[in-house]
Amino acid sequence: MKTKVLVVTEYYPRDDDPTLGIWAHHQALAARDAGADVRVLVLHRPLPPLSMLRNPSLRRMRQIVSQAGSRTLDGLPVDYLRYLSPPRPWSYASWGGWAAPALRRAIAKLRPEFPFELVHAHYAVPAGDAVRRVAPDIPLIVSVHGGDVYGDHAASATVRRTLRHARLVLANSAGTARRSLEHGARTTRVVHLGTDLPALTAAPRPSRPTLVSVGNLIARKRHADLIIALANLRERHPDIRGVIVGDGPERERLQALSASLGLERQLELRGRVPHSEAVAIARAGSLFVLASVDEAFGVAYIEAMAGAVPAIGCRGEDGPEEIVAAGGGMALVPARDPQALAEAVDRLLADPSRLEAMGLQARHTVEREFNWPRCGRETAAAYQEVLHRQIRD
């Protein structure tokens, strides 16, 4: 008999942002394909973020406000639960409490037709906290993706309460697992997210050296380091170009930096695009470069590497260090060091045979370690472990 699992999450694809939490959707699909019976409840706050006030988009605002309540995504039933709360900067720690009434009503309505045995929440805040409040007797698994346990922030106390309550914490890397234990988790298990595996000949290689980065335009992603490195590489690689996919509050600053360095012809800020398009762009580059910090895992690295594109990340970061430990195909550079980044890129571009070999290593690493079927099997096994432990207890 299939294990019935309710996934509760804040991050999930929706009308205004189809790429938001796409990894949570793919993990739910992978768990379903591995034998679990899955339903999804999304905590949806129908208020535009404060950052949108600086660059308003009436279309996105309308989509946020009018998000459909229910839909089926790839055969998976998904319900969007509307709730209101004060703005994120000064109230995020309490969002689980604000979402709890809507979640309580949804669970009461859903459970008679779908008697789920456990809940899998993505992030301790707000999803895990909301579940803890409204269904304390239901076994809870919390996936921690980094933000909950990096640093000491306003929501740390709520994170600790939720992780102590959870029967199991699924961490996206060993570093995240260690941080979760430090924040009170009783038991952890590392389950890596995955990616699809395209045919090796699917993505055409660029006619000129192309550095690609995919990630929200926020400070910790350090896209500015790539822009500075690109400027430093122009003399040795006059035809080099860079493509950054994503959007966010750093966009204007990055545009100004690009202009000040005279990179208008070499750099393209592509903005937000559908997930499939972002992956295709990454896999069509010469190198995938993301010099981010506080990087718990980094799905974007493995999505590019699956297309035989070598990646560059930062030394000392939990995700990149773990990907490198799993196999070849990724180089590490010191964090916050655009010059070191430029030198690493130069060495690889100057040696095409090494670049090609590294790309094949990247593909093999992902094929072996970071695929969705493996993620699904390990996720489903975690569900079974929690249920069996409950029976023993």
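The values are calculated or read from the model by the stated rules, or taken from the named source; none is laboratory data. Because the structure is predicted, anything quoted here is derived from the model rather than measured. Positions of Cβ are backbone-derived with ideal geometry, glycine not excepted, and every protein chain shown enters the neighbour counts. For the accessible areas, the whole protein counts, side chains as well, though only heavy atoms, and no ligand, DNA or RNA atoms are used. Shrake-Rupley method; radii C 1.70, N 1.55, O 1.52, S 1.80 Å.
Structure notes:
- One residue alone among TYR83, TYR11 is aromatic (Phe, Trp, Tyr), buried (at least 17 other Cβ atoms within 10 Å of the Cβ) and under 25 Å from TRP372 (Cα atoms), and that residue is TYR11.
- Unmet requirement for LEU81, which otherwise passes all of (1) within 24 Å of THR187 (Cα to Cα); (2) touching a His at 6+ places or on another chain (Cβ under 7 Å): (1)
- Among the candidates GLU317, GLU321, GLU295, residue that is among the acidic types (Asp, Glu) and in contact with a Phe, Trp or Tyr (Cβ under 9 Å, 6 or more places away or on another chain): GLU295
- Here LEU263 clears all of (1) open to solvent by less than 10 Å² (accessible area, probe 1.4 Å); (2) in contact with a strand residue (DSSP E or B) (Cβ under 7 Å, 6 or more places away or on another chain) except the condition numbered (2).
- Criterion (over 19 Å from the mean Cα position of the chain (by Cα) and open to solvent by 10 Å² or more (accessible area, probe 1.4 Å)) met by exactly one of PRO338, PRO274, PRO249: PRO338
- Picking from residues in the range 213-235 that are of a type in the set (S, T, N, Q) and open to solvent by 60 Å² or more (accessible area, probe 1.4 Å), the one that is farthest from VAL293 (Cα to Cα) is ASN232.
- Evaluated against (1) within 27 Å of VAL345 (Cβ to Cβ); (2) in contact with a strand residue (DSSP E or B) (Cβ under 9 Å, 6 or more places away or on another chain), ARG205 falls short on exactly one condition, (2).
- Considering GLY376, GLY298, the condition of being open to solvent by less than 30 Å² (accessible area, probe 1.4 Å), more than 30 Å from LEU261 (Cβ to Cβ), under 18 Å from the mean Cα position of the chain (by Cα) and modelled with pLDDT of 95 or more is satisfied by GLY376 alone.
- Evaluation of ASP148 against the conditions (1) touching a Phe, Trp or Tyr at 6+ places or on another chain (Cβ under 9 Å); (2) in contact (Cβ under 8 Å) with a residue 40 or more places away in the chain shows that the sole unmet condition is (2).
- Of all residues in the range 152-202, those satisfying the criterion of being touching a residue at least 12 places away in the same chain (Cβ under 8 Å), basic (Lys, Arg) and outside any loop (DSSP other than H, G, I, E, B) are ARG160, ARG161, ARG164, ARG179, ARG189.
- Residue within the range 211-234 that is within 15 Å of the chain's Cα centre (by Cα) and part of a helix (DSSP H, G or I) present: yes
- Count of residues meeting criterion [modelled with pLDDT of 95 or more, among the small types (Gly, Ala, Ser) and either open to solvent by 20 Å² or more (accessible area, probe 1.4 Å) or within 13 Å of ALA380 (Cα to Cα) (or both)] in the range 14-52: 6
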